[in-house]
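For reference, the structure is listed below as structure tokens.
Here, each number is a calculation from the coordinates, and none is a lab measurement. Since this is a predicted model, take the numbers as computed values, not measurements. Counting neighbours? That spans all protein chains shown, and the Cβs are built from the backbone with ideal geometry, glycine included.
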Amino acid sequence: MKFLNFFTFLMLSLAVFQSCTDSENQQKNPASVSNRTYDAPKPKIAPAPKAAPKGFQASPGQQTVIHFSHLGMEFGPVISGDTVHAVYPFKNMSLGTVVITEVATSCECLKTEFPHGNIQPGEIGEIKAHFHTEGQWGRHEKIISVVVEGQDPIPLRLNGEIRKAG
């Protein structure tokens with residue numbers, strides 16, 4: 001089961017990495033880059049899912065000590081250059097203290113904030129993500145991998161449409 005989860009996570013990461021590489025290659029192509037400058041619009045905030053589950057429950061197959069209220073968010077459409085902000089609330093559902101040891105992202109354009117240190121039983125926290133869309137356009141899926149000490153990574157998704165500025 002752990003091997004299957006790891007393999008699935010690896011394949012998703014490779015697919016997303018390729019989408020980041022494609023966008024970076026498009027940006028380096030002089031024919032596709034505009035020399036115009038634009039005033040950056042106000043940051044967009046990804047809306048919470050319309051039917052968020054009540055409380056903190058594990059999604060099917062989620063066998064972890066922390067449970068998220070949602071594992072994915074949809075944003076957009078936004079204009080290339082906007083910053084999208086997303087929040088993923090979670091709760092420690094175990095009877096013991098847990099530690100988030102790492103939060104990895106599928107692209108350097110995605111920055112995160114997460115609680116460092118011990119998370120007590122029943123404690124609620126959140127993972128914050130900030131997606132900088134500069135130089136990207138089209139449909140995007142970004143992956144945030146949350147690693148809790150002694151557990152398989154928990155993939156969180158941020159999906160949406162980015163439109164070219166101008």
Subject >> strands (runs of 3 or more DSSP E) (entirely within segment 89-160) containing at least 1 residues that are under 16 Å from VAL65 (Cβ atoms) >> reply: 98-105, 124-132, 138-148
**OP:** Quick one: in segment 112-148, of everything that is of a type outside the set (Val, Ile, Thr) and touching a residue at least 60 places away in the same chain (Cβ under 8 Å), which residue is nearest to ASN92 (Cα to Cα)?
**Re:** SER145
Original post:
Just checking, how many residues over segment 69-126 are touching a Ser or Thr at 6+ places or on another chain (Cβ under 8 Å) and at positive phi?
Top reply: 1
